[in-house]
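Quick notes on the structure that follows.
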Amino acid sequence: MKQIRKRITYANVMSSIAVFLVLGGATALAAGLAKNSVGSKQLKKNAVTSAKIKNNAVTTPKIKNGAVTGAKINLGSLGTVPNATHADSATTAASATNAGHATTAGNADNANTVGGLTVRKFYYSTDEDPTVRTVLSLGGLTLNASCTAAELDVSATTSVDNATVHSGGTILGDEAFYNEFDDLDTGEDADVLSGTESDSNQGTLTYTNPGGSVVTVTFASEEEDQDDKDCSFFGTAIG
């Protein structure tokens, strides 16, 4: 015993205690970690992989607002959005088939019809030319113009018998003229500007036929004053 006592030193005692502490700690680790003893600081970066996450373990409340972006969504899995079932059948808004009877919505200002009526403009301007030219053809009515000896001649013809043509207006803005043709047949002419001796006139023309066609024309005529041409006749027609 004396020999053993002589060999016991402070260093030997402390070493023995350390060994017991280590063995005790290892035993505790082998038995399992204490509850709530591992925190985020103890986790190694990238240590938690998808294979370690239990299926259906991540619920909606665990997802941060705005965390899931469109790039992460399989759009094919969403199906059709409610109230958007007709989106596929609309070609384009600018090419709508029936936007107020316009050919396309983008061309509404250039529509050929308004409320089912056709709108036309006409413009005839020439130096002396006796050739009879068609200025307007609409709803059975045809207007023809020619310029002989710097004098404008405008006539109306019909494609339907028993048509009616009335034309009238003002001469130089202060005198009136009026022409009436109540039984115009095909092959006949109605002198639209009959009774106007002035080089400046404006007026209206109304055409109708037994088929129910009605054409209304607003016009003006000039001789020598319009763009330095001998004869000019222009306006709009609806029918």
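The values are calculated or read from the model by the stated rules, or taken from the named source; none is laboratory data. Since this is a predicted model, take the numbers as computed values, not measurements. Because the Cβ atoms are built from the backbone with ideal geometry, glycine has one as well, and the counts that use them run over all protein chains shown.
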Is there any pair linking a residue in the stretch 228-239 that is under 17 Å from E197 (Cβ atoms) to one that is among the hydroxyl-bearing types (S, T, Y) and assigned to a strand (DSSP E or B), with Cβ under 7 Å and at least six apart or on different chains, and which? D230/T126; C231/T126; S232/Y124; S232/S125; S232/S221; F233/Y124; F233/S221
Taking the condition surrounded by 15 or more Cβ atoms within 10 Å (Cβ to Cβ) and either charged (D, E, K, R) or touching a Gly at 6+ places or on another chain (Cβ under 6 Å) (or both), does D182 pass? no
Per the filter on the stretch 115-147, residues in a loop (DSSP other than H, G, I, E, B) and closer than 21 Å to L184 by Cβ are G139, G140
Can you list residue pairs whose Cβ atoms sit under 9 Å apart, with the first residue in the stretch 207-227 being farther than 16 Å from G169 by Cα and the second being outside any strand (DSSP E or B) and acidic (D, E)? Count only pairs 6 or more apart in sequence or on different chains. N209/D161; P210/D161; E223/D199; E223/D230; E224/D199; E224/D230; D225/D199
The conditions are (1) at pLDDT below 95; (2) part of a loop (DSSP other than H, G, I, E, B); (3) under 47 Å from the mean Cα position of the chain (by Cα), and T186 fails exactly one of them. Which is it? (1)
For the stretch 122-152: of the residues being more than 44 Å from the chain's Cα centre (by Cα) and among the polar types (S, T, N, Q), which is farthest from I238 (Cα to Cα)? T148
Only listed residue being modelled with pLDDT of 65 or more, out of contact with any Phe, Trp or Tyr (no Cβ under 6 Å at 6 or more places or on another chain) and either loosely packed, with under 12 Cβ neighbours inside 10 Å or on the phi < 0 side of the Ramachandran plot (or both), chosen from N65, N83: N65
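Being in contact with a His (Cβ under 7 Å, 6 or more places away or on another chain) and under 16 Å from T236 (Cβ atoms) narrows it down to one of T206, T216, so name that one. Spell out how you get there, then give the answer.
Details: T216 fails: in contact with a His (Cβ under 7 Å, 6 or more places away or on another chain).
Just a single option satisfies the conditions, and that option is T206.
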